[in-house]
Amino acid sequence: MSALRRNTDYGVYLVTDRTLCRGRALADVVAAAVAGGVTVVQLREKHVDTREFVELARALKGLLAPRDVPLLINDRVDVALACGADGVHVGQGDMHPADVRALLGHTALVGLSVETMEQVREAEALDVDYLGVSPVFATSTKTDTAPPWGLDGLARLRVATECTLVAIGGIGAANAEQVLRAGADGLAVVSALCAADDPQRAAEELRGAVRSVRGW
Ligand code: TZP
Ligand code: MG
């Protein structure tokens, strides 16, 4: 297993959404959030043409590489390859994780969203680095989701699998510790960072929750 796959800390995982950045440049929001302690960034673009997606990805990779923060691309293996990203995150309807792995190779990060226990069982047989527990809570950022796992569902998942669990959906400073105590290894957030008045401070708060639950 690669050093990247062994060492990546999913503690504070920023998933981007330019529409929530309130007119600020995505790179500025990401840079501030990273300064506050974001450990992984996923570029998620739903309504952009491919050329612009690659340009955005390349710019973010240039920003993140010197800071040693891995960049994942949502859905698109071709975009990840073009920009030299560290990995790809896919959902259940996207390219199969085995095909993503075959295309990206064994050093890359591959994440998969799971919405049911059956999907978790299937995922355990796959060579993925983490499962996105989606959604933990209902969220207005993404409305076409499966029913939320809730803290109880997350806690059940924690005892049912040894996979790395990254919780997503409705997470912010107010509930971060609860989500971690229920068993999440990491917190994936969109609006709590992209739409924050002060993304650096918001990231610091999430990082503080991770530190306090992990005991360091
Ligand atoms: N997948 C499941 S919920 C979600 C995604 C991309 C959006 C989470 O957004 P927020 O603003 O952190 O609730
Ligand atoms: Mg997807």
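The values are calculated or read from the model by the stated rules, or taken from the named source; none is laboratory data. Model, not experiment: these values are computed from the prediction. Virtual Cβ from ideal backbone geometry, glycine too; neighbours counted across all protein chains shown.
Below is a table of values for the structure above.
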read-out	value
Top-ranked residue of the range 184-213 - restricted to ones that are in contact (Cβ under 8 Å) with a residue 40 or more places away in the chain and among the basic types (Lys, Arg), ranked as surrounded by the fewest Cβ atoms within 10 Å (Cβ to Cβ)	Arg201
Only listed residue being of a type outside the set (Ser, Thr, Tyr), touching a residue at least 12 places away in the same chain (Cβ under 8 Å) and under 15 Å from Gly132 (Cα atoms), chosen from Val12, Val29	Val12
Selection within the range 140-177 - of a type in the set (Ser, Thr, Tyr), farther than 21 Å from Val40 by Cα and within 16 Å of ligand 1 (Cβ to nearest atom)	Ser140, Thr143, Thr145
Among the candidates Val15, Val40, residue that is away from ligand 2 (no atom under 13 Å from the Cβ) and either within 17 Å of the chain's Cα centre (by Cα) or surrounded by fewer than 18 Cβ atoms within 10 Å (Cβ to Cβ) (or both)	Val40
Residue match in the range 11-28 (condition: under 26 Å from Cys163 (Cα atoms) and among the small types (Gly, Ala, Ser))	yes
Flag if Gly132 is touching a Gly at 6+ places or on another chain (Cβ under 7 Å) and modelled with pLDDT of 95 or more	yes
Close pairs from the range 128-154: first more than 16 Å from ligand 2 (Cβ to nearest atom), partner among the aromatic types (Phe, Trp, Tyr) and not in a strand (DSSP E or B), Cβ under 6 Å, at least 6 apart	Val136/Trp149; Pro148/Phe137
Top-ranked residue of the range 71-86 - restricted to ones that are of a type outside the set (A, V, I, L, M, F, W, C) and more than 17 Å from Asp17 (Cα to Cα), ranked as nearest to ligand 2 (Cβ to nearest atom)	Asp78
Residue match in the range 176-183 (condition: touching a residue at least 24 places away in the same chain (Cβ under 8 Å), farther than 14 Å from Gly36 by Cα and among the basic types (Lys, Arg))	yes
Residue identified as at pLDDT 95 or above, in contact with a Phe, Trp or Tyr (Cβ under 6 Å, 6 or more places away or on another chain) and among the aliphatic types (A, V, I, L, M) among Val166, Val189	Val166
Residues of the range 95-121 that turn out to be part of a strand (DSSP E or B) and either within 15 Å of ligand 1 (Cβ to nearest atom) or on the phi > 0 side of the Ramachandran plot (or both), as a count	4
Considering residues of the range 87-113 that are without any contact (Cβ under 8 Å) to a residue 24 or more places away in the chain and buried (at least 18 other Cβ atoms within 10 Å of the Cβ) only, the residue nearest to ligand 2 (Cβ to nearest atom)	Val90
Residue identified as hydrophobic (A, V, I, L, M, F, W, C), more than 12 Å from the chain's Cα centre (by Cα) and farther than 16 Å from Ser191 by Cα among Val79, Val30, Val34, Val88	Val79
Condition broken by Val48, with the remaining ones in (1) within 14 Å of the chain's Cα centre (by Cα); (2) within 16 Å of ligand 2 (Cβ to nearest atom) satisfied	(1)
